[in-house]
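This report concerns only the one structure given below.
The values are calculated or read from the model by the stated rules, or taken from the named source; none is laboratory data. Worth saying up front: this structure is predicted, and the values here are computed from it rather than measured. Cβ placement follows ideal geometry from the backbone for every residue including glycine, while neighbour counts extend to all protein chains displayed.
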Amino acid sequence: MTREQAITALSQMSWEGLSNNESEALTMAIQGLERLTDNDFVSDTRTEWNTTELQEDFIVKGFLAPFVTVTRKKDGVEGTLEFTHNPRKYFNFVED
């Protein structure tokens with residue numbers, strides 16, 4: 001799901017019968033999504049990366065097949081990803 005799809009889905013929900021608190025929470029969720037860039041949204045929701053995407057989201061520290069140690073660029077969190085050789089995919093990010 002893209003950021004735009006998430007905003008559209010929330011915007012199209014029926015707000016009828018919602019309490020003031022629930023309506024306010026939905027409004028805040030939509031506003032929060034609107035402030036994110038597409039890159040922020042994808043990075044937070046992605047569970048698998050190709051090599052280019054890995055380089056966009058992480059700093060690679062080292063490899064020891066089938067693992068790669070990384071630092072997430074967005075927040076500096078260190079962790080580990082697993083990877084496959086062919087096709088080259090990175091997945092299962094685990095924070096240290």
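Computed values, structure above
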| quantity | calculated |
| --- | --- |
| Residue in the stretch 37-52 that is in contact with a helix residue (DSSP H, G or I) (Cβ under 8 Å, 6 or more places away or on another chain), surrounded by fewer than 13 Cβ atoms within 10 Å (Cβ to Cβ), at pLDDT below 90 and of a type outside the set (S, T, Y) present | yes |
| Pair list, Cβ < 7 Å and 6+ apart or interchain, from the stretch 2-23 residues that are over 16 Å from E34 (Cα atoms) to residues that are not hydrophobic (A, V, I, L, M, F, W, C) and not in a loop (DSSP other than H, G, I, E, B) | W15/S23 |
| Selection from the stretch 68-86 of residues that are over 18 Å from the mean Cα position of the chain (by Cα) and more than 13 Å from L54 (Cβ to Cβ) | H85, N86 |
| The stretch 75-84: number of residues that are free of Cβ contacts under 8 Å to residues at least 12 places away in the same chain and on the phi < 0 side of the Ramachandran plot | 1 |
